[in-house]
Every structure is written in C-alpha cells, then in structure tokens.
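Undergrad: Shown below is the structure under consideration.
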Amino acid sequence: MGRSDIIAGLDMGSSRVTCIIAGPDEETRNVRVLSAASLPCPGLKGGVVVNIAETARAVTQVIEETEARAKQTVSGVYLGVRGAHLQSFNNRGAYNIARTDKEITAEDVSSVIENAKAIPISNDREILHVIPQGFSLDRQRGVPNPVGMEGSLLEVEVHIVTASSSHLNNLIKAVNQAGFEVLEPVYSLLAVGEMVVTPEEKELGCLLIDLGGQTVSAGIYFEGSLRFSKEIPLGSDFITRDLAYGLRTSLITAQNIKEKHGIALTSLLNGEEDVTFLGMDGRTPRKVKAKTLVEIIQPRVEEIFSAVREEVQNSTYADLPGGAVLTGGGVCMKGMAEAGEQILEMQVRTGLPRKDLVLCEEEALTPSLATALGLVSYPSLKTWMQVDLMPSGGAKKSSIRRKVSGWFENLF
C-alpha cells in the first residue's frame, strides 16, 4: 500500500481531536482502517479554536500516535469541522439553455449550481458546501440527472453550508502548525451522515443527531438529500458538569460516573444501588444513590432533546417516517435513545457505522468514531455533488466539472 493511497480523517470535535488512518482494500474496494486515536484538546471549545498552540500540539500528538500504530505516514487530512459558527440555508438557481440543440451538459449543471450559490454573504464567512437537493427541467421536478436530456430551463435546489472564515482558518492554521496539510474541510454532519444513515432512511425522511461534547449537530434528510442542518450549543459535557457540581467532585470523576453509571431516564432505574466515588480531594470516598444521579442527568438530557425538537418543528420537515438516528460520543450513556423517543415523539435508533462501508475491528464501530470513519470514507462515499470555496491557505480549489462528473458516476 503506497503512501498516496493512505487517507487520514481528523475530527475536530467539541473538545477532542480524533484521527483515523485508512487505506483501500483491494478485494472489497472499501476503506480499511489501519489505526485510530483520540485525545482531549484544551485548545478547542465547541469545535472552535480558543488556543492555537494547544490545538496544534494535540493534533500533532494524535496524528503521530495514529501513524505509529499504523506504521504509515500522512501529509494531509480531511478535516471535520463543527460548531455554532456554521450556518446553513436552502436556495434555488436557474439557468436558461440558449443553444439550439437544448441538450443539457455537465457545464450547464455547473452553471446552474453557480447561480444557486451566487448569493450575498458577509465578508467574514465562507461557503463550505453546496449540496444539490434535486433538479427541475422545464418546471418538471424530480430529475436526478439532467445531463443528456433536452430542455430550455434548468433549475436546482441546493443546501448551502457556510462557516466563519476566521474560525475555519484558525482550524486550518492549527493543523498546518502541526505539520500537516488540510486536503479539504468537511462539515462533520455530512461525513457522519454518509456513515450511519441508510439510503432508505434518507429517502423516507429522517433526523440525524450527532451529540458531541459541547455541540449537537442536527440534520434532516428527505427524498435522499440533506434539507436542513443546524448546530445547537449543547452537549454531553453539560451533563458531566452538572454531575461535578451536584456531587461536589472533579470533572474527571464526574465523567467516569456518567460513563459507568449514568442513566438518562428514571424509568430505566433497576433498584436503589449505591454508587461510590471520590470527592473533590481525590481521596475521600463518597456514596450516592443511583436515583440521585438520574435526577441530575435527566433534566439536561431533556433540555438537549427539547432543543433538537424545537429546531425540527421550526423546519418544514417535521413529519419524518424514517425516525431519528442518534450518534456521536455523547450517546453512549444508557437510555439516550429511549429519552430521545419520548421527547422527539418518533422512533430513535443508535447510529453505528455501517459494516458494509468500512472494514475495521468491531470495537471501532462505535458512535464516538463514526465521524472520523466518515471522514476517511468521504472521498468514496459522498453521494452529493459539492462545490467548495476553500479559505486562503487551505487546499486548492477543485475543478467543478470534475466534481460534477464524479457525482454522477457515484449516482449511477
């Protein structure tokens, strides 16, 4: 396996950095994971760099650790970004076919998408993704691939994701200071969606919830495409902090309690067992009833899912037959899916990485690694056409024509 075949995905989470190194499997043509590592990063807060030196240090450490395990080296990474600085909206574009033959070409598709993203945005923002949701030809909707067809008016509906230029550039600078190149910044929700949401769920209409430490990424799929996305400034770290305050203990101890004994709903309690932990001094043992833990945890869980529910209701896609897919590092606590079902009033399943898309050890198929797995699979899995405007200092701009052709090849 040559160095050029190696793919690295770097997930810049709410307060952690996770790296996976993978390469192509010759037999299955899927991506094979070679190694993975994840470390806390004090330089990140809610997916935003607050200390570039600390962030660069964490990136260096996590990539070098992953390289050592894989016995491979990487120079560039697909960078997963998230956080409240990301904003998205839908738009339409139209393009008149003035030629006499009226046959739609890939250049026409490029032109209509360029028209769709030709919107005024502030100077401090970058367009990160432009995702076509569907084409119309002479007012006929539902055209999946207009190339080769004839018509006079080509229209497209798109979902546009924008990012704060400064926050995006700070992430890229941190990776560059660590000695690596950003091949492409990718909205983490898109990467994890390709890895955990099935095509049928996307077609029927479903809600994707990526629960991180300090942010929740919510996306709505309908008729096969992403129709809505939103970053919510809440996360599982809020539960950890509530436990630390309520039990008068350290954040590390509170995190351990949450992971080992945390339950999201009172109705899932089984008995009145005691939980033993160390106090703030790290030496004095203390006890707490499991019911007390749930009484601390449940209000925050309800707040998180209620915020997601409000965003869904404010969208135009509240009726989702495909239910909800819950993934991310914050969903591993017992009862999270059940709590989601109660508050969202829809079927909820835990989103694990799909075995048919990536080859790896069973223990790597976890919600906490789903985004990083999506990033290393991103070049081969993305089922949308995207036009990327890279920030200065980032990766070079890609050819629109080449990306359009690649998208249609993925569709058929």
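The values are calculated or read from the model by the stated rules, or taken from the named source; none is laboratory data. Computed from a predicted structure; not experimentally measured. With ideal geometry, Cβ positions are generated from the backbone for all residues, glycine too; neighbour counts draw on all protein chains shown.
Undergrad: Kindly evaluate Thr253 against the criterion of being more than 25 Å from the chain's Cα centre (by Cα), assigned to a helix (DSSP H, G or I) and hydroxyl-bearing (Ser, Thr, Tyr).
TA: On the way: more than 25 Å from the chain's Cα centre (by Cα): yes; assigned to a helix (DSSP H, G or I): yes; hydroxyl-bearing (Ser, Thr, Tyr): yes.
In short, yes.
Undergrad: Look at region 1-11 and say how many of its residues are over 17 Å from Ser380 (Cα atoms) and at pLDDT 95 or above.
TA: So the answer is 1.
Undergrad: Evaluate the following for Thr276: is it β-branched (Val, Ile, Thr), surrounded by 15 or more Cβ atoms within 10 Å (Cβ to Cβ) and on the phi < 0 side of the Ramachandran plot?
TA: Values: β-branched (Val, Ile, Thr): yes; surrounded by 15 or more Cβ atoms within 10 Å (Cβ to Cβ): no; on the phi < 0 side of the Ramachandran plot: yes.
No.
Undergrad: Restricting to region 218-250, and then to whatever is within 16 Å of Glu302 (Cα to Cα) and of a type in the set (S, T, N, Q), can you tell me which residue is farthest from the chain's Cα centre (by Cα)? I'd like the intermediate steps shown before the answer.
TA: Just the residues of region 218-250 that are within 16 Å of Glu302 (Cα to Cα), to begin with: 218, 232-243.
Of the ones still in play, those that are also of a type in the set (S, T, N, Q) are 236, 240.
Details: Ser236: 16, Thr240: 22 Å.
Among those that are within 16 Å of Glu302 (Cα to Cα) and of a type in the set (S, T, N, Q), it is Thr240.
Undergrad: Next up: Hey, could you check region 17-53 for residues that are in contact with a strand residue (DSSP E or B) (Cβ under 8 Å, 6 or more places away or on another chain) and not in a strand (DSSP E or B) and say which is nearest to Leu234 (Cα to Cα)?
TA: Gly47
Undergrad: Continuing with this model, one more query. From Ser267, Ser250, Ser217, grab the single residue that is under 19 Å from Ser14 (Cα atoms) and among the hydroxyl-bearing types (Ser, Thr, Tyr).
TA: Of Ser267, Ser250, Ser217, the one residue that is under 19 Å from Ser14 (Cα atoms) and among the hydroxyl-bearing types (Ser, Thr, Tyr) is Ser217.
Undergrad: Taking the residues in region 346-361 that are modelled with pLDDT under 95 and charged (D, E, K, R) as candidates, determine which candidate is surrounded by the most Cβ atoms within 10 Å (Cβ to Cβ).
TA: Arg354
Undergrad: Same structure, new question: Among (1) more than 23 Å from the chain's Cα centre (by Cα); (2) assigned to a strand (DSSP E or B), which single condition is Leu79 missing?
TA: Unmet for Leu79, out of (1) more than 23 Å from the chain's Cα centre (by Cα); (2) assigned to a strand (DSSP E or B): (1).
Undergrad: Moving on. Report, by residue number, each residue of region 297-316 that is outside any helix (DSSP H, G or I) and farther than 23 Å from Thr371 by Cβ.
TA: Thr316
Undergrad: Here are some residues: Glu107, Glu126, Glu114. Which one is at pLDDT below 95, within 21 Å of Tyr187 (Cβ to Cβ) and either out of contact with any strand residue (DSSP E or B) (no Cβ under 7 Å at 6 or more places or on another chain) or assigned to a helix (DSSP H, G or I) (or both)?
TA: Glu114
Undergrad: Just give me the residues in region 87-97 being crowded, with 19+ Cβ neighbours inside 10 Å and in contact (Cβ under 8 Å) with a residue 60 or more places away in the chain, in sequence order.
TA: Ser88, Gly93, Tyr95
Undergrad: If you don't mind, there's one more thing I want to ask. Give the residues of region 133-148 that are surrounded by fewer than 22 Cβ atoms within 10 Å (Cβ to Cβ) and in contact with a strand residue (DSSP E or B) (Cβ under 6 Å, 6 or more places away or on another chain), sorted by residue number. Spell out how you get there, then give the answer.
TA: Step one: filter region 133-148 for residues surrounded by fewer than 22 Cβ atoms within 10 Å (Cβ to Cβ), giving 133-134, 136-145, 147-148.
Passing the criteria: Gln133, Gly134, Ser136, Leu137, Asp138, Val143.
Undergrad: Being assigned to a loop (DSSP other than H, G, I, E, B) and basic (Lys, Arg) is the filter here, so list the residues in region 319-357 that pass it. Steps first, please.
TA: As a first pass, look at region 319-357 and keep what is assigned to a loop (DSSP other than H, G, I, E, B): 319-323, 328, 332-333, 335, 345-347, 351-357.
Hits for region 319-357 are Arg354, Lys355.
Undergrad: Something else now. Confirm whether Val74 is of a type in the set (Val, Ile, Thr), touching a residue at least 60 places away in the same chain (Cβ under 8 Å) and not in a helix (DSSP H, G or I).
TA: Yes, satisfied.
Undergrad: In the list Thr73, Thr100, which residue meets the criterion of being among the β-branched types (Val, Ile, Thr), surrounded by fewer than 22 Cβ atoms within 10 Å (Cβ to Cβ) and closer than 20 Å to Val175 by Cα?
TA: Working: Thr100 fails: closer than 20 Å to Val175 by Cα.
Criteria check complete, one pass: Thr73.
Undergrad: Kindly indicate which of Ile131, Ile160 is modelled with pLDDT under 95 and more than 30 Å from Glu64 (Cβ to Cβ).
TA: Just a single option satisfies the conditions, and that option is Ile131.
Undergrad: Among what's in region 315-331 and is surrounded by fewer than 17 Cβ atoms within 10 Å (Cβ to Cβ) and out of contact with any strand residue (DSSP E or B) (no Cβ under 6 Å at 6 or more places or on another chain), pick the residue that is modelled with the highest pLDDT.
TA: Of everything passing the filter in region 315-331, Pro321 is modelled with the highest pLDDT.
Undergrad: Now for a different question. Could you name every one of the helices (runs of 4 or more DSSP H) located completely within region 187-250 that has at least 2 residues being over 25 Å from Leu357 (Cβ atoms) and in the same structural domain as Gly330 (by TED's automatic domain parsing)?
TA: Where helices (runs of 4 or more DSSP H) fall fully within region 187-250 and carry at least 2 residues being over 25 Å from Leu357 (Cβ atoms) and in the same structural domain as Gly330 (by TED's automatic domain parsing), they are 236-247.
Undergrad: Then there's this: Tally up the residues in region 256-296 that are over 17 Å from Ser236 (Cβ atoms), touching a helix residue (DSSP H, G or I) at 6+ places or on another chain (Cβ under 7 Å) and not in a helix (DSSP H, G or I), please.
TA: Residues in region 256-296 being over 17 Å from Ser236 (Cβ atoms), touching a helix residue (DSSP H, G or I) at 6+ places or on another chain (Cβ under 7 Å) and not in a helix (DSSP H, G or I): 7 in total.
Undergrad: When you look at Gly23, is it among the small types (Gly, Ala, Ser), surrounded by fewer than 24 Cβ atoms within 10 Å (Cβ to Cβ) and modelled with pLDDT under 95, yes or no? Working first, answer last.
TA: On the way: among the small types (Gly, Ala, Ser): yes; surrounded by fewer than 24 Cβ atoms within 10 Å (Cβ to Cβ): yes; modelled with pLDDT under 95: yes.
Taking the combined requirement at face value, the residue satisfies it.
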